Amino acid sequence: MFSKNVKIAVASIAIVAVLSSCGAKQPKYNYQIDMQKYENAISVTDKSYLVLVNKQNSLNNGYIPDSLATVPAELTLYGKEVQLESTAALAAEALVCELRACGYTDITITSGYRSYEYQQILFNTYLGNEMAAHPDWTQERCEAEVLSYSARPGESEHQTGLCMDLISTKNVVLDETFAQNPAYAWLIENAHHFGFILRYPADKTESTGYSYEPWHYRFVGVKAATEIHNKGISLEEYLD
């Protein structure tokens, strides 16, 4: 039988080998958790994990990921049920467990997969809020405002099951203050080691079509995530 330390060392060597085979320049990273459970998930290179969903590329109302998995309740806000595509769910589990192992124990997952119907409800709610807040605005102007921070049904990445919203238990509001959390700097430097990218960076709003969301992370696999991280580009620019 191997000791726990030997198992972790073997897992770390395996991860380095996998990442080297991806052909991407990979800074050294010493995982704090045992990655044996997650190495196959984070290293996927199937092009389906690069699906682009935005204002120009939509999903139909019947689209549901082939395989959905529930994220462990201890990793979600207040233990709420959050589902992700099964491979992305494992990668998300690894990322949040690593965050906690590194001392960022307040970070949890607050949302993942959303159905077309649920996104419709969200969009209509936001539109109603904007119309109530700006009674002198036309509906078109209110819709344009909502579209700067929310997607129409079918145009939301959440329907793919490949993205998640992170939140701090110290500030349970999804806004730009998340960038002030110490965990955010860690995520910017290390999320790609788990196959995730910051989907809507502050300097890429023209490319992505959405305002800055420091809490929104998209799974693409380590190879693509590393290339996107190293080049400082958006998913749209990477796919172009």
Q. Under a GNM of the chain (C-alpha, springs under 10 Å), which listed residue has the highest mean-square fluctuation: Ala133, Ala101, Ala144?
A. Ala133
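If we count every other residue with Cβ under 14 angstrom of Leu50's Cβ, Lys/Arg +1 and Asp/Glu -1, where does the sum land? Spell out each step's value before the answer.
Numbers: positive: Lys47, Arg199, Arg218, Lys223; negative: Asp46, Glu85, Glu157, Glu227, Glu236, Glu237, Asp240.
Surrounding charge for Leu50 is -3.
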Q. For the modelled label position 7 Å from the Cα of Asp240 along Cα-to-Cβ, which residues of region 147-167 have backbone nitrogen atoms closer than 14 Å?
A. none
Q: With no solvent and one equal point scatterer placed on each C-alpha of region 149-240, evaluate the Debye formula and give log10 I(q)/I(0) for q = 0.21, 0.22 Å⁻¹, two decimals.
A: -1.12, -1.22
(Q) Rounding to the nearest 10 and keeping the result within 0 to 90°, find how far the Cα-based axis of helix 222-231 lies from the longest principal axis of the chain. (A) 70
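Grab the alpha carbons of region 56-137, take their convex hull, and tell me the volume per residue in Å³.
Numbers: hull volume 12.6 nm³, N = 82.
Here the figure is 153 Å³ per residue.
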Q) Which ³J(HN,Hα) values, rounded to whole Hz and listed in residue order, are derived for region 79-92 from phi using the Karplus coefficients 6.51, -1.76 and 1.60 in 6.51 cos²θ - 1.76 cosθ + 1.60 with θ = phi - 60°, glycine and proline given as x? A) x, 5, 6, 10, 10, 9, 3, 4, 5, 5, 5, 5, 5, 5
Q. Averaged per residue, what accessible area in Å² does the chain show with a 1.4 Å probe, protein chains only?
A. 49
**Q.** Mean Cα-pair separation over length for the chain, i.e. relative contact order, pairs under 8 Å, 6 or more apart, %
**A.** 22
Q. Using 0.36 nm per residue, how much length does the chain from Thr125 to Leu68 gain when fully extended, once their Cα-Cα distance is taken away?
A. 17.9 nm
Q.
Connecting C-alpha atoms closer than 10 Å in a GNM of the chain, tell me which of Val82, Val173, Val222 has the biggest fluctuation.
A. Val173
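Which net charge results when you count Lys and Arg as +1 and Asp and Glu as -1 among the other residues whose beta-carbon is under 15 Å from that of Lys170? Before the final figure, lay out each step's value.
Values: positive: Arg100; negative: Asp106, Asp175.
After counting each charged neighbour, the total is -1.
Would you mind giving the average projected area, over all directions, of the Cα convex hull of region 57-206 in nm² with one decimal?
9.8
Work through the residues other than Asn190 whose Cβ is under 14 Å from its Cβ and net out their charges, Lys, Arg +1 and Asp, Glu -1. Please report the intermediate quantities before stating the final value.
Working: positive: Lys28, Arg100; negative: Glu98, Glu189.
Taking every other residue near Asn190 into account, the sum is 0.
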Q. Carbon-plus-sulfur fraction of the accessible area of region 70-150, 1.4 Å probe, in percent?
A. 52
Q: Send over the semi-axes of region 110-198's equivalent ellipsoid, whole angstrom and largest first, taken as the square roots of 5 times the C-alpha gyration tensor eigenvalues.
A: 28, 17, 11
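The values are calculated or read from the model by the stated rules, or taken from the named source; none is laboratory data. Everything numeric here is computed off the predicted structure, so don't read it as measured data. Backbone-built Cβ (ideal geometry, glycine too); neighbour counts: all protein chains shown. To get the accessible areas, we keep the full protein, side chains included, count just its heavy atoms, and leave off ligands, DNA and RNA. Shrake-Rupley method; radii C 1.70, N 1.55, O 1.52, S 1.80 Å.
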